[in-house]
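Here is the structure we will look at.
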Amino acid sequence: MKILDIGEVAQQSGVSPSTLRYYEEIGLIASVGRNGLRRQFKTDVLLRLSLIALGKSAGFSLVEIASMFGKDGLPDLPRGSLHVRADELERQICNLTVLKNALRHVADCPAPSHLECPTFQRLLATASHRKKSKVK
């Protein structure tokens, strides 16, 4: 079994040594010992760090990510929660796409004044309606 020291793990994973120490402190990863002052890890920590990065990218908290590992340390992914998060991301993508298209239109609108542009007027009405529906 190959062992990596904290510097090698940091280099290969792109995760800083201080973050690795923090992840170990909160139980997301575990070292197998030390060589002097340097923590040592099994190579499977790299897979675990990749899963942690994926979870963070998807918007899961470190506590939620920690719960996605079984007592044996292997991934035990909650499929239902993943579906819910995927649906949330889909809604965000749709909203951001509408916003991007609106900004592009406003930036490229040939009307002498944006207030004269019917598309801009619709965009303002839509934005106002969305804000009101969120407040309720």
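The values are calculated or read from the model by the stated rules, or taken from the named source; none is laboratory data. None of the values given here were measured: they were computed from a predicted structure. Ideal geometry is used to build each Cβ from the backbone, glycine not excepted, and the neighbour counts take in all protein chains shown.
Some points to look at:
- Taken as a whole, the condition of being in a loop (DSSP other than H, G, I, E, B) and loosely packed, with under 14 Cβ neighbours inside 10 Å does not apply to residue 87.
- For segment 45-60, a tally of residues being charged (D, E, K, R) and surrounded by fewer than 13 Cβ atoms within 10 Å (Cβ to Cβ) returns 0.
- Among the residues of segment 58-74, just one is over 22 Å from residue 89 (Cα atoms) and either of a type in the set (A, V, I, L, M) or in the same structural domain as residue 89 (by TED's automatic domain parsing) (or both), namely 74.
- For segment 1-34, a residue qualifies if it is in a helix (DSSP H, G or I) and either of a type in the set (Ser, Thr, Tyr) or touching a Lys or Arg at 6+ places or on another chain (Cβ under 6 Å) (or both), and the qualifying residues are 6, 13, 18, 19, 22, 23.
- Unmet requirement for residue 64, which otherwise passes all of (1) outside any loop (DSSP other than H, G, I, E, B); (2) surrounded by fewer than 12 Cβ atoms within 10 Å (Cβ to Cβ); (3) among the acidic types (Asp, Glu): (2)
- For segment 17-44, the candidate set comprises residues that are over 17 Å from residue 56 (Cα atoms) and among the acidic types (Asp, Glu); within that set, the residue that is surrounded by the most Cβ atoms within 10 Å (Cβ to Cβ) is 44.
- Given (1) assigned to a helix (DSSP H, G or I); (2) modelled with pLDDT under 85, number of the condition residue 50 does not satisfy: (2)
- Of all residues in segment 2-38, those satisfying the criterion of being at negative phi and more than 27 Å from the chain's Cα centre (by Cα) are 2, 3, 32, 34, 35, 37, 38.
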